[in-house]
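Take a look at the structure below.
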Amino acid sequence: MRFSKLITDLQKGSSGLEASELGTDPDLLSGASIEQALSNQICFLEAGNSLSKELNSTKAGAVIIPSQEDLIEIAQRRELAWATFKNPRLAFAEVLELLQPTPQNISGIHPSAVIHENVFLGDNISIGANVFIGNGSRIASKSVIYPGAVIYENVILGEACIVHANAVIHPRTKLGKKCVIHSNAVIGSEGFGFVPTPNGWRKMPQTGRVVLQDEVEIGCGSNIDRPAVGETFIGAGTKIDNLVQIGHGVTTGKDCAMAAQVGIAGGARLGNGVILAGQVGVGNRVKVGDRVVASSKCGIHSDVAPDQVVSGFPAIPNRLWLRCSIAFSKLPEMAKTIKELTKRETS
Amino acid sequence: MRFSKLITDLQKGSSGLEASELGTDPDLLSGASIEQALSNQICFLEAGNSLSKELNSTKAGAVIIPSQEDLIEIAQRRELAWATFKNPRLAFAEVLELLQPTPQNISGIHPSAVIHENVFLGDNISIGANVFIGNGSRIASKSVIYPGAVIYENVILGEACIVHANAVIHPRTKLGKKCVIHSNAVIGSEGFGFVPTPNGWRKMPQTGRVVLQDEVEIGCGSNIDRPAVGETFIGAGTKIDNLVQIGHGVTTGKDCAMAAQVGIAGGARLGNGVILAGQVGVGNRVKVGDRVVASSKCGIHSDVAPDQVVSGFPAIPNRLWLRCSIAFSKLPEMAKTIKELTKRETS
Amino acid sequence: MRFSKLITDLQKGSSGLEASELGTDPDLLSGASIEQALSNQICFLEAGNSLSKELNSTKAGAVIIPSQEDLIEIAQRRELAWATFKNPRLAFAEVLELLQPTPQNISGIHPSAVIHENVFLGDNISIGANVFIGNGSRIASKSVIYPGAVIYENVILGEACIVHANAVIHPRTKLGKKCVIHSNAVIGSEGFGFVPTPNGWRKMPQTGRVVLQDEVEIGCGSNIDRPAVGETFIGAGTKIDNLVQIGHGVTTGKDCAMAAQVGIAGGARLGNGVILAGQVGVGNRVKVGDRVVASSKCGIHSDVAPDQVVSGFPAIPNRLWLRCSIAFSKLPEMAKTIKELTKRETS
């Protein structure tokens, strides 16, 4: 796609095009990083990006940059095709979508799919090879189910959902519109509920269900368990990475983001816009306020007020944790000093 | 189901019914939490439950409570149907099972299942769509295998096992009676054994097998690896949550419980009744004594005696760890104080 | 297999046979641990192995031992068949392979497999039941794909790859020769890339691909994500255990090893021969030098120079961390001592 055509299309986007120069109006094939881009590729820089100096040497045909005079000057001197945006990262997302629109590779219902006779199927859906859909489930229009996925009974998929290969959705789960379930994720499985008895663990039946609101995304191999009673609830627009565990009865607000290998224990409640970095753990029934950010490997054992940044285990305010961590590495010295002080005292 | 019928059935259970009043003998549909229950629902409270005050306002039709006069008084005043039990949580488990018995949704052998001619199939089994069962495997009676599950060669399933969708069981694995393998779990795969050589890592063949005793439950996406030689062994009644890793040659006792994302390295040995909370790690060949409890994110690097409660990384006694964690957050202050003391000393 | 035959075969191996005595030249069926071996089994010891004393009582028919006079003496006295090797562990790996060669259980293409007409299939391949292979993919000769695996479009598998049951390989992924993808692993799925906008998270299209060089092994349930642009790259001979997360755009060198539940965030770069123990985390864009070893649960937030051994979170040199950890458990005492010192000072 010519750079000029791209710029025209981006004007309809929401990334805030500000200025541009077409240079040789290169024909662009794909996106790349500024270090690896070739003459038929486009790359981007954000304000303050440590790779900014690469603009002097990039072989990219075109660059997306923030509105900084120094960067514009380099782009002009090098006769690159360039454009400035309020949100260069968002512009790059829009560019990639324009250059390489997501293909809809499967279409219609593959004859090897096993679909119970009592399943509602909307228009324009795609169901891949060896998919199974159980009694009473409903698949709304424009949904795509990739090969090997298994959907148990009485599951509801909203419009334009995508279920990737070998994912599994258990009974009664309800998905809103435009949800994405990645490969091998499991939604709506039994929560881990057992009652201790003199004869060992007795299973607490998990009669509840999982509800995902619109535009929720669940990563590969992640699990969202259903509760004994009531719902496990994931708010609209929440994005969950790979290998994440969401326990029974957890509730999240809207637009949360959880990185890989996060684990949230049963009954925890997250507000809106909560961000959990990789390998974070949240304890049973803990309440995490709106817009809380937890850094990686953090363990949240007790409630966190809104707008806090927390770190460590048990979680404490991030700034305090950074200072404590530095002090931790000086503990042997501190111990030695204390010993010496004590010796002098008592001598 | 009428509350009166429920009470009659619960008398045959093991939760210790003590007293009850039928109130209006409500017709109950399902269970719910005390906060969300409606007039056709039943809920429960345990002794010391922080939600006890909700009994004053719950809209539940019936309540299960411990034998506490204050709670009975409220239930009577509010003319609720109520019953007291020695073990209210167990009573609630029994109630849910009575109200919503687990359905056996698939039955017989689906024609799309691919079963080797040399497979033994017991009576009254269910094998779902697109299941594969390899040469020499044996599926005992009353077992249920959900769609997409793959069972390799020479696997033995005891009576009344449940294998959920897309789970995989590798060669020679042996399951006792009433085991449950949840979706996408992998049992009996090759242990991670490689020998360093001048030409890189050389695979140590994993010729052993995995044995699960009766009533073992393995969560979604969890992996139980087989060893180079001998067995990986999970004791009867042990319950394992989602995304747990059990390395090659691990042995556990009976009735252990492991929460999500626990990892146990090769050759570790757990006693009976060990409880590991979420994201706990246990090191190579470590021995963990009977009834040890490890709190979340704990890292157990060396042997732990029976009946200990441990926390932190490396794991130390829980009470000590709690005090150390509080002190950790005061490290910057401590460092400052030490500096001041040193200054005065040397001045 | 007779011990004498085994010894003859091992002379062609690379484990450095040094001396041997045939004893009664036992007929050996399989390998076992020295504690559990029977008269038709063979076991091994390494130099310094804590089980060496078991040589006095083992019921094994044959033993592989290091060249230590004390061990040879015991083996001779007990009239065991024995052999000494420079690398006894490697010898045992070779023995297991000789005694129990890996079976190729499936062969040819199962009629239930769904393979797009535009797929290249090499010679001598095996494709199991219910496998799906998408448009434009290429499966080189001698590859084995187990039941239920799903291979999307334009995937390239090199010679003699093994893809285990229910694994999923996403579009454009390229595997070298002799790669092994274990059950339920997901390779080449979308990286976790979202741009924050006033209307919530906007997906950054993930147009890149994953490349695995020759002899890479990916454990059960592990995920290797593809990046927005460019490649996620795993160097030749790298072995990855179960439930590991490799983020978008990560690069590893050759012959790395990662234990279970490791998580590597987007853009991190590992050198050659890096070893990460269980549950280790590596942060965004961090560079980890050649031959770095990170102990379990370690969190690497900033670059690590080659040949370091690191531990803890944030990661510090292992020896320092060991001392700091001991000091940590004495923090309450330290705090008390400081308090007393201060009191005396001010009194």
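What follows draws every value from the coordinates through simple rules; no lab data is involved. This one's a predicted model, so the numbers in the text were calculated from it and none came from an experiment. Virtual Cβ from ideal backbone geometry, glycine too; neighbours counted across all protein chains shown.
Some notes on this structure:
- The three principal axes of the C-alpha atoms in the range C:3-99 carry coordinate ranges of 30, 24, 19 Å, sorted with the longest axis first.
- Rounded, prolate or oblate (a/c below 1.5 giving rounded, otherwise prolate when a/b exceeds b/c) for the range A:236-305 by Cα gyration tensor: rounded
- Distances in nm from B:Glu117 to the matching label points in the other copies, shortest first (labels 7 Å along Cα to Cβ): 3.3, 3.3
- Calculated FRET efficiency, B:Asn199 to B:Glu340, Cβ-Cβ distance, R0 = 56 Å: about 0.45 to the nearest 0.05.
- For the range A:1-82, trypsin sites (Lys or Arg not before Pro) meeting the loop criterion (DSSP other than H, G, I, E, B) and having at most 11 other Cβ atoms within 10 Å: A:Lys12.
- For trypsin sites (Lys or Arg not before Pro), the sites in the range C:248-297 that DSSP calls loop and that have at most 16 other Cβ atoms within 10 Å are C:Arg285.
- Across peptide B:258-270, the mean count of Cβ atoms from other chains lying within 10 Å of each residue's own Cβ comes to 5.
- For chain A, built as a Gaussian network whose Cα springs stay under 10 Å, the top-fluctuating residue of A:Val168, A:Val229, A:Val180: A:Val229
- Loop-located trypsin sites (Lys or Arg not before Pro) in the range C:301-347 (DSSP state other than H, G, I, E, B) with a sparse environment of at most 15 neighbouring Cβ atoms within 10 Å are absent.
- Shape descriptor for the range A:207-347: Rg over Rh equals 1.19 (Cα atoms; Rh from the Kirkwood inverse mean 1/r).
- Among the residues of B:67-78, the average count of other protein chain beta-carbon atoms within 10 Å of the residue beta-carbon is 0.
- Computed FRET value (nearest 0.05) for C:Asn135 with B:Leu121, which takes r as the C-beta separation and R₀ as 35 Å: 0.40
- Ranked from shortest, the separations from the 7 Å Cα-to-Cβ label point of C:Ser329 to its equivalents in the other copies are 2.3, 2.3 nm.
- Overall Cα dimensions of the range B:114-321, principal axis frame, Å, largest first: 58, 45, 22
- DSSP loop GluC sites (Glu not before Pro) with at most 11 other Cβ within 10 Å excluded, longest remaining stretch of chain B: B:118-347
- Note: relative contact order over chain B, using C-alpha pairs below 8 Å and six or more positions apart, is 7 percent.
- Charge tally for A:Pro196 (other residues, Cβ to Cβ under 10 Å; Lys, Arg +1; Asp, Glu -1): +1.
- Helix-only [θ]222 nm of the protein assembly as shown, DSSP H runs n ≥ 4, -39500 (n - 2.57) each, per residue, nearest 500: -5000 deg cm²/dmol
- Inter-chain Cβ neighbour average for residues A:228-236, partner chain, 10 Å: 3
- Mean separation of Cα contacts under 8 Å (6+ apart) over length of the range B:3-99, as relative contact order %: 35 percent
- Hydrodynamic radius of chain B per Kirkwood, over alpha carbon pairs, in Å: 23.4 Å
- Kirkwood hydrodynamic radius of the protein assembly as shown, from inverse mean 1/r over distinct Cα pairs, in Å: 30.6 Å
- C:Ser329-A:Asp307 FRET efficiency (beta carbon distance; Förster radius 30 Å; 0.05 resolution): 0.30
- With label points defined 7 Å past Cα in the direction of Cβ, position A:Arg285 shows copy-to-copy spacings of 4.2, 4.2 nm, given to one decimal and shortest first.
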